[in-house]
Amino acid sequence: MDSPRHALATLQRWGLIERIPTGSGPTVSIHRVLQDVVRRGTAELAGGYTDAASLLRSALPADVTHPDGWPSAAVLDPHVRVLLEGVDQAESPSVELAMAVRLLADRVATARQYGGDNRSAVPLFEVVERFAHKFLGVDHPDTLTARANLAASYRQAGRTNDAITIEERVVEDSERLIGVDHPDTLTARANLAASYRQAGRTNDAITLLQEVVDRQDGVIGPDHPDAVAHREALVGWRREADER
């Protein structure tokens, strides 16, 4: 942890890793048999998982929706997935570790999605949702977020009915757990409205988004970026409906 370059150099000198030249930066390879031996021979991996999560969190770009962050996210993507698999198989990881890993996996899935690879993003979002449900519980805020992000990936993939099924429950659970007027609940309702519109349920979409806009004015203010975006979307949806 104090000197990763020195540690890598030592491991290479011992023949335990191999450096691989790539265009995306320094990469090392560890034989799968050696990986398995190390995992089986290590009694306590929880500290290592926590350290790995911390390092990955600091290395991942803050905004994975922007093209500038996609190359770094792509390099770190396999490391996040290995961490996710390891913690998923661990015995009783802490809630804090599970939350950190959930966030990391969600960020690399989001990078895939915004980078145009929704086909591989959807399965990862599904894994993240199951992971959150397993270790955080059905009513944990991170689990609600994981389900909402999974629904958004379904919508983008054209699986609108699947998205609606999830989003309707996310709205119900959000209203029950954090309140009808909570900003996250309003966002969940706006997402559901978008799926209604994509499914051709234009009147339902307009009615729901109007409710969101009305409530947002009193909760976050009419000048908040989310309120402005939803108000503009509502105008466009009404115009489209009038033209039909």
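May I ask you to list the residues in region 114-144 that are part of a helix (DSSP H, G or I) and over 20 Å from Leu83 (Cα atoms)? If you could, list the steps in order and put the result at the bottom.
If we filter region 114-144 for residues that are part of a helix (DSSP H, G or I), which is where we start, we get 114, 118-136, 141-144.
Result: Tyr114, Asn118, Arg119, Pro141, Leu144.
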>> Condition first: open to solvent by less than 70 Å² (accessible area, probe 1.4 Å), within 15 Å of the chain's Cα centre (by Cα) and over 24 Å from Asp36 (Cβ atoms). Now tell me which residues in region 70-82 satisfy that.
In response: Ala73, Ala74
>> Considering only region 104-127, I want to know if a residue exists there that is open to solvent by 70 Å² or more (accessible area, probe 1.4 Å) and among the aliphatic types (A, V, I, L, M).
In response: no
>> Thr165 - would you say it is more than 28 Å from Arg107 (Cα to Cα) and at pLDDT 95 or above?
In response: no
> Is there a residue in region 232-244 that is at pLDDT below 95 and assigned to a loop (DSSP other than H, G, I, E, B)?
Replying inline: yes
> When you go through Gly179, Gly218, Gly236, Gly200 one by one, which is the residue that is open to solvent by 50 Å² or more (accessible area, probe 1.4 Å), without any contact (Cβ under 8 Å) to a residue 12 or more places away in the chain and either small (Gly, Ala, Ser) or in contact with a Ser or Thr (Cβ under 8 Å, 6 or more places away or on another chain) (or both)?
Replying inline: Gly200
>> Among the listed residues Val170, Val212, identify the single one that is in a helix (DSSP H, G or I), farther than 24 Å from Ala109 by Cβ, among the hydrophobic types (A, V, I, L, M, F, W, C) and open to solvent by less than 20 Å² (accessible area, probe 1.4 Å).
In response: Val212
> So, in region 30-60, of the ones that are open to solvent by less than 70 Å² (accessible area, probe 1.4 Å) and among the acidic types (Asp, Glu), which residue ends up modelled with the highest pLDDT?
Replying inline: Asp51
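The values are calculated or read from the model by the stated rules, or taken from the named source; none is laboratory data. Predicted, not measured: the structure shown is a model, and the values here were computed from it. FYI the Cβ positions are ideal-geometry reconstructions off the backbone, even for glycines, and counts take in every protein chain you see. Heavy atoms of the whole protein, side chains included, go into the accessibility calculation; ligands, DNA and RNA do not. Shrake-Rupley method; radii C 1.70, N 1.55, O 1.52, S 1.80 Å.
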